[in-house]
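The values are calculated or read from the model by the stated rules, or taken from the named source; none is laboratory data. All figures in this text were calculated on a predicted structure; none of them were measured in a lab. FYI the Cβ positions are ideal-geometry reconstructions off the backbone, even for glycines, and counts take in every protein chain you see.
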Amino acid sequence: MEAEAQSNQTVNNGDTTALVTFPAEGCTYTWINSNPAIGLPASGQGNISSFKAVNTGASPVTATIMATPHSPGFAYISNYGSGTVSIIDIQTNTVVGYIVIGQPPYSVVVSPDGSRVYIGLEVSSPTISYGAVYVVNLPNGVPASFSDGNNPQAVAISPDGQHIYVCSQNPDEVVVVDATTLAPVAYIPVGIRADGICVSPDGKRVYVSNYQTPSVSVINAATNSVLTTINVAAPVGLVVSPDDSTLYVTSKTGNVVNVINTASNTVVGSIAVGKGPDGIAPSSDGSTLYVTNEQDNTVSVVNTSNGTTIATVSVGKNPIGISITPDGTRVYVANEISNSVSVINTISNQVVATIPVGVDPIAFGNFITAGGCPPVSFTITVNPAVVPVITTTGNLSALTTIYGTPSLATSFSMSAKGLSAPVLVTPPAGFEVSTDNTNFSPTLTVGPAGAVAGVLIYIRLAATTPVGTYPGNIVLSSPGAATVNLVMPESTVTPALLTVIADNKTKVFNTPNPVLTASYVGFVNGDTQAQLTTPPVLMTTATTTSPVGQYPITVSGAESPNYTITYLAGILTVQPAETSLVIPNTFTPNGDGVNDTWNIKYLDTYANCSVDIFTRWGQKVYSSIGYGTPWDGTYKGASLPAGTYYYIINLKNGLAPLSGFVAIIR
């Protein structure tokens, strides 16, 4: 079954429960089960796997599962002036430790799985390369390794945690780092003074704010190339909405948050905030933005649905870095000059705590690991075992059809409960079944295990069912359930209409009759004459010596139980022998009524013959199929000059064409 995020479940005895998942963002849950008799242990830790529910009684039983989170979250605050990172327990709002770096840390970002902190450094030392990214494994705070970059101002991580994107200002580029090997894999040139960076929720785009250019570079994460550049005044912090539709960019000199459509990569509006907006963080649902205003020491709370600032919260001096807890209840703000972190309650929009940290805290980036997960309570109810039963409703009608055509369908409704397997529906011989009255099959499997409610089942005579009557039972069965036999009224398949047509034949006078054959119209289901129980008999009155003319070919006697047979007679045409043709080699088309056309005796008996006449240069001057009207020595209505012309006569009788010449004499 699919996972259910801590929702109540009701299942039957023997059913498999749904997987129960707890929040994955850094919270570890332990749970207690009030009723282990349902098949679940009395206690455990982490997600609850699917299990086979148990209830051997006669009434439902319910177990209550209480789950408690056991993994506090932490905020990591980079103290630029102290060369340290303060670690704040966000449950107690106290500093519980430090990561000592010895060089000024600027940006700080926590990996999506909460296993690492990436800290951007701006200066060099004998042990740390210029502009390094300091990588710390959590939770022990021990440095894992370093990743090179030049004067990094911001760091971002792909949603899958596989790549690190570092904003470099010397030169102005984005360094793409493999998070496993910590080796650079690409260098992407961007605008001047790349201050901020973020990755879209789907990981396909990287956005970089170029403060001095001024613009936002849009990077294709698949190709590590800049797709386009969007003009934005003095951009610094930037985030993408959870639905990936909107990019929000702070404009430090314009005192606004620019609203950019990510589909068109165009600025579609702006939202007025405080003075010198810098850092920006969205709520998990994207409905609210929190913006640090460095020059008036406030945080603007923005409603994204209408683009208005709904609250302004006073914090410490020079607020820069800002991040929101995963549960969305608190916002943490790094105040650079006050050397403190302000904690804002997102319901009241009031500062509820101020935490002293190191010197010049900046913490530009998403610096909070998961924590503050709520306790969870839900129930699993197990119903007693259900005796499997199959029921049917509805009245079936007798059906009729013609062989080769499926009948219309009749239908009934089927329900079931307590099933351990789906229901097999088997119709009587000659029928087929369906649940959609479109796709029919010889048998049908209906429903999953458990309960099936009111499934409509259609039954019809199949197109391939032979002629006859068909009674019988529709059998519905499932393991453990009593088999149901539903009577199907006697139904009928009647013969299809088949026409046997005697093929027309031609023969030459004084030759044996050709073999008489027939064609068929009306066979269905791929049938051929081989399916006839008695083949047709073909006869003609013509004999070898029958004179030129036409003679009937009769057909009769064919039999098949699946067809009603009708017949169409054919014609045997007796043609003159080829040697009897008389082809003159001259004629005189002078209009005296004597020998004015090229008359070829008997050629008109070859109805399908072709006659073509050419000049000595190969120009065709006459062409016909059959020779009902003899050639009169003209071409396109004009008389041709006297001379010799050449003919080709194809009698279409299987013999070679006749050819020769004919002279026009005028």
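State whether the residues of the stretch 534-556 include one that is under 19 Å from residue 495 (Cβ atoms) and at pLDDT below 95.
No, that holds for no residue.
Quick check on the stretch 438-446. Is at least one of its residues out of contact with any Pro (no Cβ under 9 Å at 6 or more places or on another chain), surrounded by 15 or more Cβ atoms within 10 Å (Cβ to Cβ) and either not assigned by TED's automatic domain parsing to the domain that holds residue 523 or not hydroxyl-bearing (Ser, Thr, Tyr) (or both)?
No, the stretch 438-446 contains no residue that is out of contact with any Pro (no Cβ under 9 Å at 6 or more places or on another chain), surrounded by 15 or more Cβ atoms within 10 Å (Cβ to Cβ) and either not assigned by TED's automatic domain parsing to the domain that holds residue 523 or not hydroxyl-bearing (Ser, Thr, Tyr) (or both).
In this structure, does residue 93 turn out to be in contact (Cβ under 8 Å) with a residue 60 or more places away in the chain and at positive phi?
Against the criterion (in contact (Cβ under 8 Å) with a residue 60 or more places away in the chain and at positive phi), residue 93 qualifies.
Given the condition over 30 Å from residue 574 (Cβ atoms), touching a residue at least 24 places away in the same chain (Cβ under 8 Å) and surrounded by fewer than 19 Cβ atoms within 10 Å (Cβ to Cβ), answer yes or no: does some residue in the stretch 503-522 qualify?
Scanning the stretch 503-522 turns up at least one residue that is over 30 Å from residue 574 (Cβ atoms), touching a residue at least 24 places away in the same chain (Cβ under 8 Å) and surrounded by fewer than 19 Cβ atoms within 10 Å (Cβ to Cβ).
If you check 462, 481, which single one turns out to be closer than 22 Å to residue 416 by Cβ and within 44 Å of the chain's Cα centre (by Cα)?
Only one candidate passes the filter, namely 481.
Of the conditions (1) farther than 30 Å from residue 320 by Cα; (2) at pLDDT 90 or above; (3) of a type outside the set (Phe, Trp, Tyr), residue 87 satisfies every one except a single condition; which number is it?
All conditions are met except number (1).
Go over the candidates 637, 633, 643, 660 one by one and state the one that is buried (at least 16 other Cβ atoms within 10 Å of the Cβ) and either in contact (Cβ under 8 Å) with a residue 40 or more places away in the chain or at positive phi (or both).
633
Of all residues in the stretch 289-321, which are surrounded by fewer than 21 Cβ atoms within 10 Å (Cβ to Cβ), free of Cβ contacts under 8 Å to residues at least 40 places away in the same chain, part of a loop (DSSP other than H, G, I, E, B) and not polar (S, T, N, Q)?
296, 316, 317
Find the strands (runs of 3 or more DSSP E) located wholly in the stretch 95-141 whose residues include 3 or more that are modelled with pLDDT of 85 or more, crowded, with 19+ Cβ neighbours inside 10 Å and in contact with a strand residue (DSSP E or B) (Cβ under 6 Å, 6 or more places away or on another chain), and list them.
Hits in the stretch 95-141: 105-110, 116-121.
Considering only the stretch 580-610, how many residues are among the polar types (S, T, N, Q), within 19 Å of residue 642 (Cβ to Cβ) and in a strand (DSSP E or B)?
So the answer is 1.
Would you mention how many residues in the stretch 159-169 are more than 14 Å from residue 120 (Cβ to Cβ) and either in contact (Cβ under 8 Å) with a residue 60 or more places away in the chain or not in a loop (DSSP other than H, G, I, E, B) (or both)?
So the count comes out to 1.
Among the residues of the stretch 12-20, is any outside any strand (DSSP E or B) and modelled with pLDDT under 85?
No, every residue in the stretch 12-20 fails to be outside any strand (DSSP E or B) and modelled with pLDDT under 85.
Checking the structure you have, find out if any residue of the stretch 595-603 is under 13 Å from residue 582 (Cβ atoms), in contact with a helix residue (DSSP H, G or I) (Cβ under 7 Å, 6 or more places away or on another chain) and hydroxyl-bearing (Ser, Thr, Tyr).
yes
Which condition does residue 32 not pass, out of (1) in contact (Cβ under 8 Å) with a residue 60 or more places away in the chain; (2) assigned to a strand (DSSP E or B), if it passes all the others?
Residue 32 satisfies every listed condition except (1).
Does the stretch 398-406 contain at least one residue that is surrounded by fewer than 16 Cβ atoms within 10 Å (Cβ to Cβ) and hydrophobic (A, V, I, L, M, F, W, C)?
Taking every residue of the stretch 398-406 in turn, at least one turns out to be surrounded by fewer than 16 Cβ atoms within 10 Å (Cβ to Cβ) and hydrophobic (A, V, I, L, M, F, W, C).
The rows are residues; the columns are (1) among the polar types (S, T, N, Q); (2) within 20 Å of residue 85 (Cβ to Cβ).
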site	(1), (2)
328	no, no
342	yes, yes
349	yes, no
364	no, yes
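Every residue in the stretch 612-626 that is more than 14 Å from residue 661 (Cβ to Cβ) and in contact with a Ser or Thr (Cβ under 9 Å, 6 or more places away or on another chain), please.
Within the stretch 612-626, 623, 624, 625, 626 meet the criteria.
Taking strands (runs of 3 or more DSSP E) that fall entirely within the stretch 170-288, which contain at least 3 residues that are polar (S, T, N, Q) and either more than 24 Å from residue 322 (Cα to Cα) or at pLDDT 95 or above (or both)?
Those strands (runs of 3 or more DSSP E) span 215-220, 225-231, 246-251.
Take the residues of the stretch 646-657 that are free of Cβ contacts under 8 Å to residues at least 60 places away in the same chain and outside any strand (DSSP E or B): which is surrounded by the most Cβ atoms within 10 Å (Cβ to Cβ)?
652
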